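Notes follow once the structure below has been shown.
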Amino acid sequence: MENKFIQIIKKKWLRSIALTILLFAIIVAVYLVINFAVQQANFTDFDFTKEKIYSISQATKDKLQNLDKHVTICVYNMYEYVEDFAYKYAKLNDHIKVEKLENLNAKTDWKTNYGVTDTSSFVVIQTEDREKILFNSDFYTYDYTTYEEIDTTEEAITNAILDVTIEEKPKICFLTGHNLYSEDYFQYLQMSLEDEANEVEYIDLLKTGSVPEDCRVLVITALKEDITEKERDAILDYIEKGGEILLLMDPNLNKIQMPNFQDVLDEYGVSISDGYLLEGDANQMMAGAPNYIIAPIYSGSEIVKNISMGLNICLINPGKLDFASAEELEEKKVTLETLATVSDKAFYRTDLESSSETKIDSDEDAAGATVAAMFTKEVDEDNTSKLIVFANTAFATNVQIDPQYYILAITNYNNEDVLLNSVSYLTQREDNITIRKDSEAVTTYNVTEMQTRIVLGLIFSIPILIVVIGIVVWQLRRRKK
């Protein structure tokens, strides 16, 4: 009788263990099935981060909303994060699809063209007649000051799509030969322009003789001496053909005589001051420095249209813009639009010996002085020439203004966005007038192998431990009964 009772107890024990194991197996199976279904469905992830760093930014949506070419994003052996991000583009526009490659059997030409192998990791963005490859290194950059990886996945994919779909890249020409700043100072701006699917070229008019026919925007930066008559005539000819100009001009502190260059400016009725501005409003200066002037871009301007937030530029020792009278502008067939001004507490200084941060006797009141403007000149019935001018060059350079936080002049405030939007407007790419995602805020954290093992161990051991504890507690309760 006792043996039979023990056998019954054992059978119940075994049956309970079997049921528990079966239940656990069912839970695991359901989890795997759901996980597989979610992966196949490619649901859009929920992004609860404040900066929405795991979502497609409004900038990309603006750039791709009118995309009418079929684009395929081919993903091979890439991180799951990059793959997931690619599928976000497919949901953004019906013309975009994602293809996850399991092997390269049908892509042998890539091995020849790009030197990839079966163990490589890459993404290829392709249309019917063009393609661009992105490798792992294209999806991040590295900040050697903070020792952090900065994620650039969205920027890389978006710019690659633009690169293969844009009919013709606008050519942006930087004038060289008499510049105060060398080309090195504009490397960041050049890179940003090229990332926006522009072609950048530096030209010397004494060598070329004229502005290239395919130049969409001529960029002129601060001069250390006057241009020659030959260069002046080449620029004037460019204007007469409806050419567009972006002018980044520092104040003429050394009072260099530049009659030839002034002839160019006279076409639009504008001149640059010999002195510089200082800000008297603490809310309109950076870190209590009156020579770092924060100026808001007027919200009604074409270069910030469709942007729901205010944009501020931070100019460094800027000059002020002076204009011809309204009658003279009308005679020149020029329309003036003010883009940015200083505050009512700003003042103008010509005494270069003074280092005072407050207004001195020789300073002049400069309330509301203009530091950025746009001119539209009617060349003939069919053509106009536009000039966007900022009374500062330094704000567009990669000069490091804060060594501690590695802030560059061009990345300070909205300087980069305003410059890129200005070029987009001048090249008639209004869909590219937007706010770019701040990639510096998107950093990645690399876990070690040991940390990965710990996390995986916790994931699998905790459910098993709970099941074991449940069995033990259940048995103890049965014995007490």
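The values are calculated or read from the model by the stated rules, or taken from the named source; none is laboratory data. It should be emphasised that the depicted structure is a prediction, and the values quoted were computed from it without experimental measurement. Cβ coordinates were reconstructed from backbone atoms using ideal geometry, including for glycine residues, and neighbour counts include every protein chain displayed. Just so you know, the surface numbers come from the protein's heavy atoms only, side chains and all, with ligands and any DNA or RNA stripped out. Shrake-Rupley method; radii C 1.70, N 1.55, O 1.52, S 1.80 Å.
Restricting attention to region 169-203, the residues that are open to solvent by 50 Å² or more (accessible area, probe 1.4 Å), polar (S, T, N, Q) and at pLDDT below 95 add up to 0. Pairs meeting the criteria (first residue in region 248-264 and touching a residue at least 12 places away in the same chain (Cβ under 8 Å) and part of a loop (DSSP other than H, G, I, E, B), second residue surrounded by fewer than 22 Cβ atoms within 10 Å (Cβ to Cβ) and charged (D, E, K, R), beta carbons under 6 Å, at least 6 apart or on different chains) are ASN252/ASP274; LYS255/ASP274; MET258/ASP226. The conditions of being open to solvent by 30 Å² or more (accessible area, probe 1.4 Å), among the β-branched types (Val, Ile, Thr) and in contact (Cβ under 8 Å) with a residue 24 or more places away in the chain are met by THR335.
Residue by residue, here is whether (1) open to solvent by less than 70 Å² (accessible area, probe 1.4 Å); (2) without any contact (Cβ under 8 Å) to a residue 60 or more places away in the chain; (3) within 18 Å of ALA59 (Cβ to Cβ); (4) assigned to a strand (DSSP E or B) holds:
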{"position": "CYS74", "(1), (2), (3), (4)": "yes, yes, no, yes"}
{"position": "TYR89", "(1), (2), (3), (4)": "yes, no, yes, no"}
{"position": "LYS97", "(1), (2), (3), (4)": "no, yes, no, yes"}
{"position": "THR112", "(1), (2), (3), (4)": "no, yes, no, no"}
{"position": "ILE133", "(1), (2), (3), (4)": "yes, yes, no, yes"}
{"position": "GLU149", "(1), (2), (3), (4)": "yes, no, no, yes"}
{"position": "ALA156", "(1), (2), (3), (4)": "yes, yes, yes, no"}
{"position": "ALA160", "(1), (2), (3), (4)": "yes, yes, yes, no"}
{"position": "GLU167", "(1), (2), (3), (4)": "no, yes, no, no"}
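Here TYR406 passes the criteria (1) crowded, with 18+ Cβ neighbours inside 10 Å; (2) farther than 30 Å from ARG216 by Cβ except the one numbered (1).
Within region 376-417, the set of residues being of a type in the set (Gly, Ala, Ser) and either more than 30 Å from LEU329 (Cβ to Cβ) or outside any strand (DSSP E or B) (or both) comprises ALA391, ALA394, ALA396, ALA409. Does ALA373 meet the test of being within 21 Å of LEU223 (Cβ to Cβ), within 18 Å of the chain's Cα centre (by Cα) and crowded, with 17+ Cβ neighbours inside 10 Å? So ALA373 does not fit the description; no. Selection of first residues in region 359-384 that are under 23 Å from VAL264 (Cβ atoms) and of second residues that are open to solvent by less than 60 Å² (accessible area, probe 1.4 Å) and among the acidic types (Asp, Glu), restricted to Cβ pairs under 8 Å at least 6 apart or on distinct chains, gives the following pairs, ordered by first then second residue: ALA373/GLU337; MET374/GLU337; PHE375/GLU337; THR376/GLU337; LYS377/GLU267. Can you find even one residue in region 200-222 that is within 23 Å of ALA59 (Cα to Cα), in contact with a strand residue (DSSP E or B) (Cβ under 7 Å, 6 or more places away or on another chain) and of a type in the set (D, E, K, R)? Within region 200-222, one or more residues are within 23 Å of ALA59 (Cα to Cα), in contact with a strand residue (DSSP E or B) (Cβ under 7 Å, 6 or more places away or on another chain) and of a type in the set (D, E, K, R). When the residues of region 376-403 are filtered to those that are within 25 Å of ASN414 (Cβ to Cβ), open to solvent by 30 Å² or more (accessible area, probe 1.4 Å) and touching a strand residue (DSSP E or B) at 6+ places or on another chain (Cβ under 7 Å), the one that is modelled with the lowest pLDDT is ILE401. Taken over region 201-234, the criterion of being assigned to a loop (DSSP other than H, G, I, E, B), out of contact with any helix residue (DSSP H, G or I) (no Cβ under 6 Å at 6 or more places or on another chain) and of a type outside the set (D, E, K, R) is satisfied by GLY209, PRO212, THR221, ALA222, THR228.
Considering only residues of region 257-292 that are among the hydrophobic types (A, V, I, L, M, F, W, C) and under 15 Å from THR350 (Cβ atoms), which is surrounded by the fewest Cβ atoms within 10 Å (Cβ to Cβ)? Residue satisfying both the conditions and the ranking: ILE272. Looking for something charged (D, E, K, R), open to solvent by less than 90 Å² (accessible area, probe 1.4 Å) and either at pLDDT 65 or above or in a helix (DSSP H, G or I) (or both) - is there at least one such residue anywhere in region 42-60? No, every residue in region 42-60 fails to be charged (D, E, K, R), open to solvent by less than 90 Å² (accessible area, probe 1.4 Å) and either at pLDDT 65 or above or in a helix (DSSP H, G or I) (or both).
Tell me, yes or no, whether region 138-146 has at least one residue that is under 16 Å from MET78 (Cα atoms), part of a strand (DSSP E or B) and modelled with pLDDT of 90 or more. Looking for residues that are under 16 Å from MET78 (Cα atoms), part of a strand (DSSP E or B) and modelled with pLDDT of 90 or more, one finds none in region 138-146, hence no. A single member of ASP365, ASP417 is crowded, with 20+ Cβ neighbours inside 10 Å and acidic (Asp, Glu), and it is ASP417.
Out of the residues in region 420-434 meeting the condition of being open to solvent by 20 Å² or more (accessible area, probe 1.4 Å) and in a loop (DSSP other than H, G, I, E, B), tell me which one is modelled with the lowest pLDDT.
We begin by selecting, within region 420-434, every residue open to solvent by 20 Å² or more (accessible area, probe 1.4 Å); these are 425, 428-431.
Checking which are in a loop (DSSP other than H, G, I, E, B) leaves us with 428-429.
Details: GLN428: 91, ARG429: 87.
So, considering only residues that are open to solvent by 20 Å² or more (accessible area, probe 1.4 Å) and in a loop (DSSP other than H, G, I, E, B), the one modelled with the lowest pLDDT is ARG429.
Every listed requirement among (1) surrounded by 17 or more Cβ atoms within 10 Å (Cβ to Cβ); (2) in contact (Cβ under 8 Å) with a residue 60 or more places away in the chain; (3) not in a loop (DSSP other than H, G, I, E, B) is met by TYR81 save one, (1).
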